[in-house]
Amino acid sequence: MDEFENRLKRDAAEIRAEVSPELKSRIDASLRATEQIRPVPESRTTGMNIWWASSLTGLAAAIAIIVLINWNQPATAPVPVETVATHTVPVMPDDSAELNPPLLFKTADFASPLEEEMIRLQADIEKARESVKNDIDFTF
Amino acid sequence: MVTDEQLVEDSLAGSALAFSELVERYQERLLRYLVTRSGNRADAEDAVQDTFISAYRYLYSYNPRWAFSTWIYRIAIRNAGRQSRREVSDVTDIADDGAPDPLEECIVASERENVWLTAKRLLNQDAYAAMWLRYVEDMSIKEVARALDKTQSWTKVTLLRGRRSLSSELAESASAAAQRESYGRI
């Protein structure tokens, strides 16, 4: 221990900190009025029960959502109107025309089966959403 | 001599005397630290009382892997922190009227300034607590870090900076005192 550490210790000892009899009696009185908290040992069966209850609730909720969505599925989904648009970009007279070929674009064909499926799904989701909203309005 | 850990076990088993013995062992040490920290004896006494109540209530959560002193200081430091936050929120405008630090009243009169007064002036509360626990309570770096809820690296760096800062301040004040003395002789 060096001189610095000795001084820290010595100076700390110079700080008066006698515990008064009043403080002692205050502490004793407050300890008598305090009860120790004792943790309740958690039983293994309680934990298992909670696990089962939460699992079953989750499963039931998932089934309910699937049924709710499928219940209101329409017999025929609206078929989207096929639109094919063609835009022709006029070729501007430019000196750099030789370097840049004239631009001619055709929009993508939206009549693909995936697109139809997506639109059907969107319609289903919208119906399910409205159905849930109606149910909620009805409940509250 | 019965160890602190044994007294904790006895207290958990229902012995009121065992906890009284722990109070007896730590009340003065805690009060000394809390007086220097708060600078107000009444607040320090309240903090000591709160510390023992919390310790008694949550004694089951004490982990004997750590020294009891580390655990009780941890509670005391938290209580003191909460108390000082309350004081700051209660008194928003503290006028600096040049009044002396109340801690000075608790220090035995001496020709030179108590090093803990200097430390209180120079260091923040965490650094001050780290210095106190390390050099007054002789705790290891690991225990200091645990008591303050900090990392060991933080503790090492803080102690090093605190030491350096205090040493240079003490050296400056010593040279100033020597100069004054030599002027006095002339």
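The values are calculated or read from the model by the stated rules, or taken from the named source; none is laboratory data. Small disclaimer: the values here were computed from a predicted structure and weren't measured. Here the Cβ is made from the backbone with ideal geometry for all residues, glycine too, and neighbour counts use every protein chain on show.
A few points about this structure:
- Boolean, B:R146 is crowded, with 16+ Cβ neighbours inside 10 Å, in a helix (DSSP H, G or I) and within 16 Å of the chain's Cα centre (by Cα): yes
- With respect to the conditions (1) within 12 Å of chain A (Cβ to nearest Cβ); (2) free of Cβ contacts under 8 Å to residues at least 12 places away in the same chain, B:M1 falls short on a single one, namely (1).
- Yes/no for B:A129 being aliphatic (A, V, I, L, M) and touching a residue at least 12 places away in the same chain (Cβ under 8 Å): yes
- Among the residues listed as B:A76, B:A47, B:A67, the single one being touching a Ser or Thr at 6+ places or on another chain (Cβ under 6 Å) and in contact (Cβ under 8 Å) with a residue 24 or more places away in the chain: B:A76
Rundown of residues vs (1) loosely packed, with under 10 Cβ neighbours inside 10 Å; (2) at the interface with another protein chain (Cβ under 10 Å from one of its Cβ atoms); (3) more than 30 Å from B:E113 (Cβ to Cβ); (4) at pLDDT 75 or above, yes/no style:
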position	(1), (2), (3), (4)
A:I15	no, yes, no, yes
A:R26	no, yes, yes, yes
A:A33	yes, yes, yes, yes
A:L59	no, no, yes, yes
A:W71	no, no, yes, yes
A:P93	yes, no, yes, no
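- Selected residue [among the aliphatic types (A, V, I, L, M) and modelled with pLDDT under 70] from B:A109, B:A177, B:A127: B:A109
- Set B:S69, B:S15, B:S61: member being more than 9 Å from chain A (Cβ to nearest Cβ), over 20 Å from A:R32 (Cβ atoms) and not basic (K, R): B:S69
- Selection from segment B:20-39 of residues that are at the interface with chain A (Cβ under 7 Å from one of its Cβ atoms) and farther than 30 Å from B:T118 by Cβ: B:V23
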